[in-house]
Amino acid sequence: MKAKGQDFARGLPRAAASASIFFFCGPDEAGAWAAAHRVIEALDDPGERVELSGAELKGDAAKLGDEARSASLFGERRHVIVRCTGDEAHDALAALIETGESGGGEAAPVIVVATGATDKSRTAKLLEKRGDALVGMFYPPDMRDVVVAVRAMADAAGLRLGGDLAERIAGGCGLDLRLARSEVDKLALYVGADPQSPRAATAEDHAAIGAATEEDGFQPIVNVVLGGDIAALPGELRRMREHGLNPVGLVLALERRAALLARIMAQLGPRGSFGNLDRGAKARLGIFWKEEKEIARQYARWSLPEKPGAQTRRLERLVPRLVALHRALIADNRAAEVRLSQDLAQIARFAARR
């Protein structure tokens, strides 16, 4: 069976109820992991979590079946999570299926998150026509998809989001569903919400936890890179690695900020000044007051001529550079952090030029 990323926005697809093998792939790694967590939460008894890597299974195809059919130390049920790249888990999954059909016994649920794989891969082809397997393909979401997912997370947590709070959470997390889930959980804890005792949350509640949430998000590094803050860049790159921020999600956040700068430039015209924007124009452009100072600073840098006397603006160089980086990370994410760090440093140095 097959599903798309948006099928998971409101919950698990019906096909998931009869599946015991899940293969989640595609360029949106954050969405794939969010779906994996949904599957685990839906299990009647998840039991012990066993984590395996694609490299382990590539070297020992029988290991997946051994772990999936073994009891935990205390006799509890278990589920198996596999982190892999491409088709590393193909042979192990084939062996698991073959031994099961030969009378090997019931196996624990197996959830594979395969970065770099697609629904056209060998592993997907192995599973897609089986009634006991579900293949999910995840593309980077748009704002509407993430807002729907945030509202679903909030409903499950007993949290009622007022106004445009779901959209704020989605945008503040750079459309990364893992970060969005973390923020919803923090907000639910802050207001004391749970499924049995739902509580409403306001923008003021969200602002109260904003400092802690911001440390997990993309915005600080977006501001450092596009603001040309070379001195702060090493610390932000280190934070990116320590928090395991999704490289594609970070580039999406940079693209959205670049798109906002382009809209501002179109609104102001070639000789306009950011200070000429009134309150209504800022609201229509989506400039929040908390971000206004940083956006103004970035606009001042990226609206400059590419070089003295040039007719083109720096922003015209930035947008295609980000698009090329996005495509490169999707095509090959094996060295994503290294490639991303190098490109962010080059963009920050370009922004820092006087």
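The values are calculated or read from the model by the stated rules, or taken from the named source; none is laboratory data. Please read all numbers here as calculations on a predicted model, not as lab measurements. For neighbour counting, all protein chains shown are included, and Cβ atoms are generated from backbone atoms with ideal geometry for every residue, glycine included. Heavy atoms of the whole protein, side chains included, go into the accessibility calculation; ligands, DNA and RNA do not. Shrake-Rupley method; radii C 1.70, N 1.55, O 1.52, S 1.80 Å.
Using a 10 angstrom cutoff on alpha carbons, build the Gaussian network for the chain and name the most mobile of Gln196, Gln298, Gln219.
Per the Cα network of the chain with a 10 Å cutoff, Gln196 tops the list.
Express in nm, to one decimal, how much length is gained between Ile230 and Ala335 on full extension, taking 0.36 nm for each residue of separation and deducting their alpha carbon distance.
So the chain would gain 35.5 nm between Ile230 and Ala335.
Of Arg241, Arg122, Arg279, which has the largest mean-square fluctuation in a 10 Å C-alpha GNM of the chain?
Highest fluctuation among the options: Arg279.
In nm, to one decimal, how far is the Thr202 label point from the Ala259 one, both placed 7 Å along Cα→Cβ?
3.1 nm
Mind listing the long-range amide H neighbours of Leu52? Cut-off is under 5 Å, sequence gap 5 or more, other chains count too, H placed in the peptide plane at 1.01 Å from N.
Result for Leu52 returns Ile81, Val82, Arg83.
Mind pulling the angle between the C-alpha long axis of helix 177-191 and the longest principal axis of the chain? Nearest 10 degrees, somewhere in 0 to 90.
Orientation of helix 177-191: about 80 degrees from the principal axis.
At R0 = 30 Å, how high is the FRET efficiency between Lys4 and Lys290 if r is their beta carbon distance? Nearest 0.05 is fine.
In this case the efficiency is close to 0.30.
Explain nothing, just compute: Karplus ³J(HN,Hα) = 6.51 cos²θ - 1.76 cosθ + 1.60, θ = phi - 60°, for every residue of the range 40-52 in order, whole Hz, x for Gly and Pro.
Running phi through 6.51 cos²θ - 1.76 cosθ + 1.60 with θ = phi - 60° gives 4, 5, 7, 5, 4, 9, x, x, 6, 9, 10, 10, 10 Hz.
If you take the charge dipole of the chain about its Cα centre, with +1 on Lys and Arg Cβ and -1 on Asp and Glu Cβ, which of Ala232, Gly31, Ser182 is farthest toward its positive end?
Positive-most Cα among the choices belongs to Ala232.
In what order, largest first, do Tyr299, Tyr139, Tyr190 sit by accessible area if the probe radius is 1.4 Å?
The residues order as Tyr139, Tyr190, Tyr299, largest area first.
For the range 84-138, which GluC sites (Glu not before Pro) are in a loop by DSSP, counting at most 10 other Cβ atoms within 10 Å?
When the GluC sites (Glu not before Pro) of the range 84-138 are filtered for loop state and at most 10 Cβ neighbours within 10 Å, Glu106 remain.
Cα to Cα, under 26 Å, and not fewer than 8 places away if on the same chain: which lysines meet these conditions relative to Lys186?
Straight-distance partners of Lys186: Lys290.
What percent antiparallel are the DSSP beta bridges of the chain, to the nearest 5?
Roughly 5 percent of the beta bridges in the chain run antiparallel, per DSSP.
With a point put 7 Å past each Cα toward its Cβ, work out how far Asp155 is from Asn276 in nm, to one decimal.
The two pseudo-label positions are separated by 4.6 nm.
Using the Cβ atoms and a cut-off under 13 Å, what net charge is assigned to the surroundings of Leu325, where Lys and Arg are +1 and Asp and Glu are -1?
With Lys, Arg at +1 and Asp, Glu at -1, the net is 0.
Under a 5 Å amide H to amide H cut-off, with H placed in plane at 1.01 Å, what residues pair with Lys2 once short-range neighbours are removed?
Val135
Give me the extension gain from Val323 to Lys307: residue separation times 0.36 nm, minus the current Cα-Cα distance, reported in nm with one decimal.
Working it through step by step, the gained length comes to 3.6 nm.
Express the accessible area of the chain per residue in Å², computed with a 1.4 Å probe while the remaining protein chains stay in the model.
Dividing the accessible area of the chain by its residue count gives 49 Å².
Under 10 Å, Cα contacts only: if you run a Gaussian network model on the chain, which one of Ala32, Ala300, Ala335 comes out with the highest mean-square fluctuation?
Result for the chain, Cα springs under 10 Å: Ala335 fluctuates most.
Please give the charge dipole size of the chain, origin at the Cα centre, charges +1 on K and R Cβ atoms and -1 on D and E Cβ atoms. Round to the nearest 20 debye.
Charge dipole of the chain: 1960 debye, to the nearest 20.
Summarise the accessible area of the chain (1.4 Å probe, protein heavy atoms) by the percent that is carbon and sulfur.
51 percent
Add -39500 (n - 2.57) for each DSSP H run of 4 or more in the chain, then divide by its residues: what number comes out at 222 nm, to the nearest 500 deg cm²/dmol?
About -16000 deg cm²/dmol.
Cα-Cα over 21 Å: which of Lys4/Lys129; Lys2/Lys58; Lys4/Lys63; Lys4/Lys120; Lys2/Lys120?
Lys2/Lys58; Lys4/Lys63
Tell me, what does the Kirkwood hydrodynamic radius of the range 19-117 come to in angstroms if you use every pair of distinct C-alpha atoms?
For the range 19-117, the Kirkwood estimate is 13.5 Å.
When Lys and Arg each count +1 and Asp and Glu each count -1, what net charge do the other residues less than 12 Å away from Asp28, Cβ to Cβ, add up to?
Cβ neighbours under 12 Å give a net charge of -2.
On full extension of the chain, what length is gained from Asp66 through Asp164, given 0.36 nm per residue of separation minus the C-alpha to C-alpha distance?
Result for the pair: 30.5 nm of gain on full extension.
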